[in-house]
Amino acid sequence: MVEMSSSDAIGMLERDLRGIFGSRFESLSRYAGGAHTLVIVATLTRDDLRACAARASAWHDANLATPLFLAAHEFESALDAFPLEFGAILANHTVVAGKPPFDGLTVDPADLRRAIETQARGHLVHLREGFVETRGRSDALSLLIVDAAPAFTALLESVARLDPRFDAGRIGEEIASLAGAHDLSSAEAERLFPPYLEVVERLVQYIDAWR
């Protein structure tokens, strides 16, 4: 079977969506580097979802992730609930078809700060709990750091959107570089964890005091 190109796959998705939603189709956008799609429609019913479910296998066969479906105004009304996730879409998206869906929309910095504080405090709690659960074993500490690195990288990206002045320093760069790594020596884990924990503690304090 000949693999469908990305543009052909998106074209197929657009045709399917217009066939399912008709005049209620408003826009199709790509985000997250083009890996995901967002569909805005005037109304969204259970019958629509059934029709989309019937096409899901074809979309997946074309290497398309299941789209994010939202009814009109749902994105705007949910900005305060999902300032990190929807803010990232606002910051980096491409409209493939239909009218621009985000004109005039922005994330309230106060909503963004609260979401980042939750993210940072959750990471701090995870590191502390994870350290206790290592039972003092360096190999378990290595796994903890490597597994936490992607979340730490995402946290730094979130903070940079709120205030790029925060500097995680060399240790922050080292931990972030481990995202996608498969192992870390026990000696490196023992060296990295104390300053890693200190950076996250400092980050929590910084976000808590941010105005």
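The values are calculated or read from the model by the stated rules, or taken from the named source; none is laboratory data. Just so it is clear, the structure is predicted and the values come from calculations on it, not from any experiment. Counting neighbours? That spans all protein chains shown, and the Cβs are built from the backbone with ideal geometry, glycine included.
Observations on the model:
- Any hit, the stretch 117-128, residues being of a type outside the set (Ser, Thr, Tyr) and free of Cβ contacts under 8 Å to residues at least 12 places away in the same chain: yes
- The residues listed here are 192, 162, 143, 184; of these, the one that is surrounded by 15 or more Cβ atoms within 10 Å (Cβ to Cβ), more than 23 Å from residue 118 (Cα to Cα) and under 23 Å from the mean Cα position of the chain (by Cα) is 143.
- Considering (1) at pLDDT 95 or above; (2) within 30 Å of residue 13 (Cα to Cα); (3) within 23 Å of the chain's Cα centre (by Cα), the lone condition that residue 104 does not fulfil carries the number (1).
- Count of the stretch 161-205 residues which are modelled with pLDDT of 95 or more and aromatic (Phe, Trp, Tyr): 2
- The residues of the stretch 82-98 that are small (Gly, Ala, Ser) and part of a strand (DSSP E or B), listed by number, are 97, 98.
- The one condition in (1) touching a residue at least 40 places away in the same chain (Cβ under 8 Å); (2) more than 21 Å from residue 119 (Cα to Cα); (3) surrounded by 14 or more Cβ atoms within 10 Å (Cβ to Cβ) that residue 155 fails to fulfil: (2)
- Filtering the stretch 67-80 for residues that are farther than 29 Å from residue 114 by Cβ, surrounded by fewer than 17 Cβ atoms within 10 Å (Cβ to Cβ) and not charged (D, E, K, R) leaves an empty set.
- Residues of the stretch 31-62 satisfying the condition of being among the polar types (S, T, N, Q) and closer than 25 Å to residue 90 by Cβ: 37, 43
- Restricting the stretch 1-47 to residues that are in contact with an Asp or Glu (Cβ under 8 Å, 6 or more places away or on another chain) and in a helix (DSSP H, G or I) leaves a set whose member that is surrounded by the fewest Cβ atoms within 10 Å (Cβ to Cβ) is 20.
- Any hit, the stretch 125-139, residues being within 30 Å of residue 91 (Cβ to Cβ) and either modelled with pLDDT under 95 or surrounded by 13 or more Cβ atoms within 10 Å (Cβ to Cβ) (or both): yes
- All positions within the stretch 89-116 that are basic (Lys, Arg) and either closer than 26 Å to residue 209 by Cβ or without any contact (Cβ under 8 Å) to a residue 12 or more places away in the chain (or both): 113, 114
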